[in-house]
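Below is one structure, written out as structure tokens; the observations come after it.
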Amino acid sequence: REEPDWISVVFLRRAPSSRVMAVPATPVSDAPAPATAATGLVARCISQAKDVAVQRKLVAELLGTSVLVFTVGSNALNPSPFGAFSVGASLAVMVYSLGPISGANLNPAVSTALLLAQKLELPLFLLYVTVQLIAGVVSCLCFSLLFADGASIGPSETTNWASVLAVEFLYTFMLCFVVLSTACRSESNQYFGLAIGGVIFAGGSAAGWISGGALNPAVALALDASSLSTSGFGACFAYAIAQCLGGAASAFAFKTLNPSVYGGTVEEGSRQHLKLRLAAESLGTFFLCLTVGLSVLQEGGNQNAAFAIASCLMVMIYATGHISGGHLNPAVTVAFVATERNIISHREAGWYVAAQSVGGLTAAFVYAAVGGAFELGPHQGFSWVGVVAAELVWTFVLCYVVLAVTTYSKDMFGLAIGWVLISGGYAVGSVSGAAFNPA
């Protein structure tokens, strides 16, 4: 006889008699209890960490971040006028060397931007950030032992926490936006490493005197930990929050300005297309003018100002060129209109100049709030005639180079345009300040 699907398991006593109640049997299962979201995520991380391909990526991140952080710490403890260029060059070569393996994030803020831009999965993001922070601690021990000293972070005597966090947010935003715009689009290029390293040239030189120009939570952790016994510990958390917020904001900006990357379509010539172009122009001009202002305001002068400004122009051209053409200068826009090649209409040119002016004015308010203001005009020993002549000649050179290289060069156009500012900046900077840009 077949067994029933249920058995009697509960006995109830009732006065004056008792009876048996039948209830369904509880099935017995050997399956584990359902995993929560947290335990499921941990399991996925462990599973990925066992993958040989992922292990190669983690080793690449460990190596690249260690080299980068060690370079930062060494320059902080052994100051040089070219410290920002040393760090930027380190980042550039690591990006070119390790990018094909892991993507060469080398920065928790960059990984945050990639996660939010849907370019990195959550388990791999957590593994990357863990390895990057470990690399920061290891590098801290190395440069601290080498120089028998520590490097602190935080406001200097002439700055405050608001200024520090503002520049860390802005230039980390710039770094992450350039990473997304040059390394995460379908169109291949060979300038991505140069552009990413160039952000450190610009931000480190322009903002280093305010915050130290960390732009990386792993760097902030290493510098803060190196001065644990002298200055205490904890400033790195404020830095990391500002930097990761900058990375998150850059992901939003990238997704907004590049709808085609996410399957969206914007008809060329439509109002929406023009809005995206104007936003890119305003954003690029903002960072260019901000870098100019902060470089000029540095106490005692900034010998690397022309390099910093040129680097900023180069990287923002690479980051926005595919959207708006990367004019970032009303004089350049006028030059494109004058060529009569139908690159930009007169109406669009008017909107471009307005967007560039808005970007420049916004940057002026920011750097005035952070570091102060300065006057334009002839430098000591020169007249307005000399100023006009210097600005006329080098703005002509800049616009001609823009028109030429955007016609014939595929990868090096941004570098060529930026180098005009190095040439002209050092040639006539002592005469007019070498603006070359109405914005």
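The values are calculated or read from the model by the stated rules, or taken from the named source; none is laboratory data. Model, not experiment: these values are computed from the prediction. Note that each Cβ is placed from the backbone with ideal geometry, even for glycine, and that neighbours are counted across all protein chains shown. The protein model used for the area step is the full one, side chains on, heavy atoms only, and it has no ligands, DNA or RNA in it. Shrake-Rupley method; radii C 1.70, N 1.55, O 1.52, S 1.80 Å.
Please identify the pairs in which a residue from region 261-273 that is more than 16 Å from His322 (Cβ to Cβ) and among the polar types (S, T, N, Q) has its Cβ atom under 9 Å from the Cβ atom of a residue that is at pLDDT below 85 and open to solvent by less than 70 Å² (accessible area, probe 1.4 Å), counting only partners at least 6 apart or on another chain.
Between residues of region 261-273 that are more than 16 Å from His322 (Cβ to Cβ) and among the polar types (S, T, N, Q) and residues that are at pLDDT below 85 and open to solvent by less than 70 Å² (accessible area, probe 1.4 Å), there is no close pair.
What number of residues within region 354-374 are open to solvent by 50 Å² or more (accessible area, probe 1.4 Å) and either aliphatic (A, V, I, L, M) or in contact with a Lys or Arg (Cβ under 9 Å, 6 or more places away or on another chain) (or both)?
Residues flagged as open to solvent by 50 Å² or more (accessible area, probe 1.4 Å) and either aliphatic (A, V, I, L, M) or in contact with a Lys or Arg (Cβ under 9 Å, 6 or more places away or on another chain) (or both) within region 354-374 amount to 4.
Here is a yes/no grid of residues against (1) over 22 Å from Gly208 (Cβ atoms); (2) out of contact with any Pro (no Cβ under 6 Å at 6 or more places or on another chain); (3) surrounded by fewer than 19 Cβ atoms within 10 Å (Cβ to Cβ):
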site	(1), (2), (3)
Val110	no, yes, no
Leu120	yes, yes, no
Leu124	yes, yes, no
Leu133	yes, yes, yes
Val138	yes, yes, yes
Ala148	yes, yes, yes
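Just for region 400-432: of the residues that are in contact with a Gly (Cβ under 8 Å, 6 or more places away or on another chain) and open to solvent by 30 Å² or more (accessible area, probe 1.4 Å), which one is nearest to Val332 (Cα to Cα)?
Thr406
State whether one or more residues within region 153-173 are closer than 17 Å to Val69 by Cβ and over 19 Å from the mean Cα position of the chain (by Cα).
Within region 153-173, one or more residues are closer than 17 Å to Val69 by Cβ and over 19 Å from the mean Cα position of the chain (by Cα).
Output the residues belonging to region 231-248 that are assigned to a helix (DSSP H, G or I), of a type outside the set (Phe, Trp, Tyr) and either free of Cβ contacts under 8 Å to residues at least 12 places away in the same chain or within 27 Å of Gln298 (Cα to Cα) (or both).
Ser231, Ala235, Cys236, Ala238, Ala240, Ile241, Ala242, Gln243, Cys244, Leu245, Gly246, Gly247
Ala349 fails exactly one of the following numbered conditions: (1) under 16 Å from Phe177 (Cβ atoms); (2) crowded, with 18+ Cβ neighbours inside 10 Å. What is the number of that condition?
Going through (1) under 16 Å from Phe177 (Cβ atoms); (2) crowded, with 18+ Cβ neighbours inside 10 Å one by one, Ala349 breaks only (1).
Quick check on region 306-330: of everything there that is part of a helix (DSSP H, G or I) and open to solvent by 20 Å² or more (accessible area, probe 1.4 Å), which residue is nearest to Leu288 (Cα to Cα)?
Ile309
Looking at Gly386, Gly377, which one is open to solvent by 20 Å² or more (accessible area, probe 1.4 Å), at pLDDT below 95 and not aliphatic (A, V, I, L, M)?
When all the criteria are applied, what remains is Gly386.
Any residue in region 113-134 that is at pLDDT 95 or above sitting within a Cβ distance under 6 Å of a residue that is β-branched (Val, Ile, Thr)? List the pairs, counting only those 6 or more apart or interchain.
Short answer, once both residue conditions are applied: Gln132/Thr65.
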